[in-house]
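A.B. asks: This is the structure I have questions about; it appears just below.
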Amino acid sequence: MPNSAFLQEALARGFVHQCTDPEALDAALGAGTVAGYIGFDCTAPSLHVGSLVQIMLLRLMQRHGHRPVVLMGGGTTRIGDPSGKDESRQLLSDADIAANMAGIRRAFDPFLDFAGPAAALMANNADWLDRLGYIPLLRDVGVHFSVNRMLGFDSVRLRLEREQPLTFLEFNYMILQAYDFRELYRRHGVRLQMGGSDQWGNIVCGIDLVRRTEQAEVFGLTTPLITTASGAKMGKTARGAVWLTADRVSPYEYWQFWRNADDADVGRFLRLFTDVPLDEIARLEALGGAEINAAKKVLATEATALAHGREDANRAASSSETVFASGNITFALGVTGSAEMLPTVPVARSELEKGIPAFQLFAVSGLVASGSAARQLIRGGGARVNDQAITDERQPLTLADLRDGVLKLSAGRKQHRLVRPHPGPLPQAGEGDHASPPLPLAGEGRGEG
């Protein structure tokens, strides 16, 4: 059993998959402040729940007095990490990378303190990678890498075994990631690199480089791949990614995502994605039958409070209680904090005046992915308008159906949208078409397991 409080809690909460030298790392953590980093490539304009286990691990470091370092991959995003990928990523322009980085930065603010006495650090590897000369890199770093060994790492071996192309550009990624570790050690004394389980080979390369060139002892730690009880990858739903920022997923929708967790996932998710004490989690996890819903509400509220603040989390919980638990499944427009928390979709008033087929409006609202999915929902009896079941997929919905200026659409008992008329054009969603462009994957880089 480790002596350091950080490693003890990291193990107890399920954050640890592999560690290069647990005893030595434990000793270092017990001897003083350790700086540890995780890298996040800028492949999308935000991060989603799939990156949250990494963010929470950095948060746990800071809670125990150590220094978390967020490394933004402004340089490595220009190459693309091949780890866990079957094909090359589309290369992004410098402008796209800069825009994505600005969006991703905001996702960390609720979780880490960048101003306190043990302030977190945010670095950008473009600051050193963009200035690298090719020949100096080969002589200084390349000499320490064996191609034989590199070919054996999963990120390379699996692509080659499947006869899928691996560009020379991607092959260089692990060298640059190793260079990052050395540079962070030199600049900020970083001694620990963390990441998802697919990053093990890249992390080991960095440890070897620091050891060979700096004669220093540094460490690596990976987290397990987090999936739901059903085997699905964390952070994805039928409607797309569950983003961490409110401009992409509202606090209410974020709360609902956690509230809808499978019973079997509640204890594990409370340990990983909240700060709830372990003894209280044990109590909540032991609840059976309908009582498990109380644990799910704690999970939803505490996870939402971390990402969006306590006020929005409580409002989301209150909205859900009003709309669902009270049995008054009406708009609850007169209840403070309810209607304004429900996801709202604007549609053209002129279209509502003419009448919009029910299946099309359900698709446009984002409750389902396509017009065909909306038809299936209605035919199966799972669709409601203003809390009344609807069976005619082509039933026109008009301004006459508005109540207090909005129209409520429901898919089952847990997914809802409010439709409001406004002067703009209505997005088109026809039979089998997506209501909106598919969401890109977010936060896929070193931080994601």
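The values are calculated or read from the model by the stated rules, or taken from the named source; none is laboratory data. Computed from a predicted structure; not experimentally measured. Neighbour counts run over all protein chains shown; Cβ positions are idealised from the backbone, glycine included. Just the protein is used for accessible areas: all its heavy atoms, side chains included, with ligands, DNA and RNA removed. Shrake-Rupley method; radii C 1.70, N 1.55, O 1.52, S 1.80 Å.
A.B. asks: For segment 147-256, which whole-number percentage of the solvent-accessible area (1.4 Å probe, protein heavy atoms only) is attributable to carbon and sulfur atoms?
C.D. replies: 51
A.B. asks: Given 0.36 nm per residue, what is the gain on full extension from L160 to A232 after removing their alpha carbon distance, in nm?
C.D. replies: Using 0.36 nm per residue and subtracting the Cα-Cα distance, I get 23.3 nm.
A.B. asks: Here's something else I'd like to know. When only Cα pairs under 8 Å and 6 or more residues apart are kept, what is the percent relative contact order across segment 156-251?
C.D. replies: Once divided by the residue count of segment 156-251, the mean separation gives 21 percent.
A.B. asks: Simple spin-label model, 7 Å along Cα-to-Cβ: H17 to F168 in nm?
C.D. replies: The two pseudo-label positions are separated by 3.1 nm.
A.B. asks: Let me ask something else about it. Within a Cβ distance under 10 Å of M72, other residues only, what is the Lys/Arg minus Asp/Glu net charge?
C.D. replies: That works out to -1.
A.B. asks: Could you tell me whether segment 246-318 comes out rounded, prolate or oblate from its Cα gyration tensor? Rule is a ≥ b ≥ c as square roots of the eigenvalues, rounded for a/c under 1.5, then prolate if a/b exceeds b/c, otherwise oblate.
C.D. replies: prolate
A.B. asks: Moving to a separate point now. Ignoring any ligand, DNA or RNA, what whole percent of the accessible area of segment 1-138 comes from carbon and sulfur when the probe is 1.4 angstrom?
C.D. replies: 52
A.B. asks: I would also like to ask the following. What length, rounded to one decimal in nm, is gained on full extension from R379 through to D275, with 0.36 nm per residue of separation minus their alpha-carbon distance?
C.D. replies: Extending this stretch completely gives an extra 33.2 nm.
A.B. asks: Using r as the Cβ-Cβ distance of A102 and A286, and R0 as 35 Å, what FRET efficiency do you calculate, to the nearest 0.05?
C.D. replies: That gives a FRET efficiency of 0.20.
A.B. asks: Something else: Just to confirm a number: summing +1 for Lys and Arg and -1 for Asp and Glu over residues other than H144 whose beta-carbon lies under 9 angstrom from that of H144, what do you get?
C.D. replies: For residues surrounding H144, the net value is -1.
A.B. asks: Give me the 1.4 Å probe accessible area per residue for segment 98-208, excluding ligands and nucleic acids, in Å².
C.D. replies: I get 47 Å² per residue for this part.
A.B. asks: Also, quick follow-up: Over segment 265-323, give the accessible area per residue in Å² for a 1.4 Å probe, as an integer.
C.D. replies: 39
A.B. asks: State, as an integer percentage, the relative contact order of segment 11-148 based on alpha-carbon contacts under 8 Å between residues 6 or more apart.
C.D. replies: Across segment 11-148, relative contact order equals 28 percent.
A.B. asks: Another one. Would you tally the net charge around T33, using a Cβ to Cβ cut-off of less than 12 Å, leaving T33 out, and scoring K and R as +1, D and E as -1?
C.D. replies: Computed value for this residue: +2.
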